[in-house]
Amino acid sequence: NSNCDYSVELSDSTNVNVTDNILNSNTKGDASVSYTNKKNIVKNNSASRIIETRTTTNAIKAKIYDNITLTAKVTSSDSSKINNGYVIFKVNNQSLKDKNNTLIKAYVKNSQAKINYTVDKSWNKDNISIVAVYSGSGNILSSKSNAMKINVSKRDATVKLVCGRNVVKGGDTVSLTVIVMDASKSVDGGQVIFKLNGQTIKDKNGKSIILNVKNGIATTNYVFDNGLSSKNCTITAVYSNSAYNRAEGTYDVFINKSIPEIVASSIKTKTNVTRITGKIVEINGKAIRGTTQVAIKINGQTFAVTAAVNGIINTTIKTAFKPGIYKLKIVAGENYRYFANSWEGIIEKD
């Protein structure tokens, strides 16, 4: 209580006692008594009513990174509109904050509080819920909603694989470009691996080729192994990202047979049995793979048929013919990896 020397008029007052020039009231006044007011009038108002509230919010069903509106309703016990105080939202008891780590407050207007919020990746788990907490204001009591379930799923991306060629052969180099989109937006982040007919593509060191996706793009060059079987193949780009479901893009290519080369030399012989040697190689000089049937011909007549394993020709023929120069031809037969090819030289018999 404060003391002042000015007169006080009591208007329509009940339950106010003035004892020894001190004003005592058991109910709240209107703050009209002050030191500077020479005409103080105290109206004996009723005590402020306590208003209870009930706060509710909704369950959430969304995808990671969705921009959603969080809404809380604050209703009063006397059905009056609430226009004071604010609401904070808590996810698993952690208050939501902005990018500056500042508590987000949703101020109440017409009994509603709303904020826009980007769904965090950490919400993609089981047993997660949201609670709205109303602060209260003056004679309006605070309240808290029930915990509502949050159901957040991973996003879906589309993957497009573009290959520089649709017909290749062993040893060819092709460009592989992956485009990753989320609806109409490029996806930044995540990784891509490649598969050829379901088998993970690896580099020359035997490690899986893994590319990082930047601004929706990942690209590399790939060298097809030598000696691949001729067939239709599917290249698959597999995209992975902790915020996205697994996604794939495919591209069909036809692997054609390679044309090998035969490396051999002309021969001089004095004996009746002569060894014929040589190599069958890819265009890059590496020995071909697998088994290839080889015919050795002298002047158009077949003298031997042998199997060259992994490109190695090593056999003998009978050379019991008159001295002279003869045409030598080595023919490598066609198989499921290679087209046929031949080499011509001479065999000179002394």
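Here is how the numbers come out for the structure above:
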| quantity | calculated |
| --- | --- |
| Out of G189, G206, sole residue that is in a loop (DSSP other than H, G, I, E, B), on the phi > 0 side of the Ramachandran plot, surrounded by fewer than 16 Cβ atoms within 10 Å (Cβ to Cβ) and touching a Lys or Arg at 6+ places or on another chain (Cβ under 9 Å) | G189 |
| Where A183 falls short, out of the listed (1) hydrophobic (A, V, I, L, M, F, W, C); (2) touching a strand residue (DSSP E or B) at 6+ places or on another chain (Cβ under 8 Å); (3) at positive phi | (2) |
| Enumerated strands (runs of 3 or more DSSP E) restricted to the range 259-324, each holding at least 3 residues that are of a type outside the set (D, E, K, R) | 273-281, 291-298, 301-309, 312-318 |
| Residues located in the range 137-159, provided they are under 25 Å from the mean Cα position of the chain (by Cα) and over 19 Å from A218 (Cβ atoms) | I150, N151, V152, S153, K154 |
| In the range 209-230, the residues that are on the phi > 0 side of the Ramachandran plot and either outside any loop (DSSP other than H, G, I, E, B) or within 20 Å of the chain's Cα centre (by Cα) (or both) | N215, G216 |
| Set K231, K268, K214: member being of a type in the set (K, R), closer than 21 Å to D66 by Cα and surrounded by fewer than 17 Cβ atoms within 10 Å (Cβ to Cβ) | K214 |
| Meets criteria (outside the structural domain of A243 (by TED's automatic domain parsing), under 20 Å from I51 (Cβ atoms) and of a type in the set (S, T, N, Q)) for Q94 | no |
| Residues located in the range 72-112, provided they are free of Cβ contacts under 8 Å to residues at least 12 places away in the same chain and either in a strand (DSSP E or B) or crowded, with 18+ Cβ neighbours inside 10 Å (or both) | Q94, S95, K97 |
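The values are calculated or read from the model by the stated rules, or taken from the named source; none is laboratory data. Values in this document were obtained by computation on a predicted structure and should not be read as measured data. Neighbour counts run over all protein chains shown; Cβ positions are idealised from the backbone, glycine included.
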